[in-house]
Every structure is written in structure tokens, then in C-alpha cells.
Amino acid sequence: MTIQITQSKKNSLSRRQFLQLAWLGSLTILGAQTLAALWRFIQPVSASGFGGVVRAGKVTDFAPGSVTAIKAGRFYLYRLDDGSFLALWQKCTHLGCTVPYVEGEKQFHCPCHGSIFDKTGVLVGGPAPRPLDLFPITIRGGEVFVDTGSPIQRERFDPKQTTRA
Ligand code: FES
């Protein structure tokens, strides 16, 4: 008789523990789903591709003087020697070819009809009618965001076109 009571208590405790664990497990899953939904909600900026706002990376990822191709956004991020940034659309302003950056020349050379642009995107030679277009940059929380939905045409380089970190 005594043994049966002990076993019954053990079973009762196990059931209680099981229910507690099931309850905690449910709360944990619910919490994780809520956090995942919130994470997705606050991350749309970084998930955007060309045509939206693209997160290029941390400010510290880009050394002064460097030109970095950001493929997802179809632009080059040029960090000037003073630490400011320019986002240059890779699209040639002549007939729209993608313009590669030639590190050895420190210039952009269009393979289609030979237009050449300097690191700020200003036309050095060739048939293109104007410099490479720019995209607006926002620096937030130490990260660089580029709005690839709002290209800016220009006639020349002006330091006011840069964005400071
Ligand atoms: S498309 Fe670049 S020079 Fe013609």
C-alpha cells in the first residue's frame, strides 16, 4: 500500500513537471515566433535590393580612398580620403552599360564605347554626356544605407554631394 502511494505521488509530480515544461515550451516557442516577426519587421531596409534602400555595410568596413562594388545595389561606394562617402551608380550615362572600376587606373572604364570616369564619377573622356549618377546616402548607427530608388544626375563633382560619417 505504501509503495502505491509513493508511485502515485511520483506520477503526479511527473505530470505536473510535464505540464510545467509544456507550458514553458509553448511560451518559449511563442516568444521566439514573436521575436522573429519583430526582427523581420525592423529589418526590411537591409533586405532590400536594387530599387530600394540597400545596406552597404559598416562605416568601418570602408577604408578612406577605397572604391567598393556593392553588387546588390548596383553601385560603387567610394570613401574619400576625408572619410566621407559617394555612392556611384554603375550604369554608364551614355547608353547604360555597367561600368567596371579599374583599380590600377583609379578610374571607371566603360567597355562599350570607352567613356572614362574618375573616382568621383566625373567624366574624363568619351561619349557619355555627364558624370555617373549618384544615390543618396544615409549613415545610421554606424552603417551606410544607400537609396537606389532615387538616382541623382549632376554636371560636375561638388564636395556637397558627399555624405560624412
Ligand atoms: S555605354 Fe558607356 S560609353 Fe557608351
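In whole Hz, what ³J(HN,Hα) sequence does the range 126-133 give by Karplus (6.51, -1.76, 1.60; θ = phi - 60°), x for Gly and Pro?
x, x, 4, x, 7, x, 4, 6
What are the GluC sites (Glu not before Pro) within the range 91-149 that DSSP puts in a loop, where the Cβ has at most 15 other Cβ atoms within 10 Å?
Counting only loop positions with at most 15 other Cβ atoms within 10 Å, the GluC sites (Glu not before Pro) in the range 91-149 are Glu103, Glu105.
Hey, what did the chain get for relative contact order, percent, Cα under 8 Å, at least 6 apart?
19
Starting from the coordinates of the alpha-carbon atoms of the chain, obtain the Kirkwood hydrodynamic radius over all distinct pairs and give the value in Å to one decimal.
Its Kirkwood hydrodynamic radius stands at 19.2 Å.
For helix 2-42, report the angle its Cα long axis makes with the longest principal axis of the Cα atoms of the chain; keep it between 0 and 90° and round to the nearest 10°.
Long axis of 2-42 versus the principal axis of the chain: about 20 degrees.
So which trypsin sites (Lys or Arg not before Pro) in the range 66-153 end up in coil per DSSP with only 15 or fewer other C-beta atoms within 10 Å?
Lys106
Which cross-chain or sequence-distant (5 or more) residues have an amide H under 5 Å from the amide H of Gly57, H modelled 1.01 Å from N in plane?
Val144
Count of lysine pairs in the chain with Cα atoms under 28 Å apart, counting only pairs 8 or more residues apart in sequence or on different chains?
Total qualifying Lys-Lys pairs in the chain comes to 15.
So if we plug the beta-carbon distance of Ala37 and Glu143 into 1/(1 + (r/R0)^6) with R0 = 30 Å, what FRET efficiency do we get, rounded to 0.05?
On the way: r = 22 Å, r/R0 = 0.75.
Computed FRET efficiency for Ala37 and Glu143: 0.85.
If you take every residue apart from Gln161 with its C-beta less than 12 Å away from the C-beta of Gln161, what net charge results, scoring Lys and Arg +1 and Asp and Glu -1?
Around Gln161, the charge tally is +1.
All of the numbers you see were taken from the coordinates with simple rules; none came from a lab. Every value quoted in this text rests on a predicted model; they were computed, and no experiment measured them. Please note: Cβ atoms are built from the backbone with ideal geometry, for glycine as well, and neighbour counts cover all protein chains shown.
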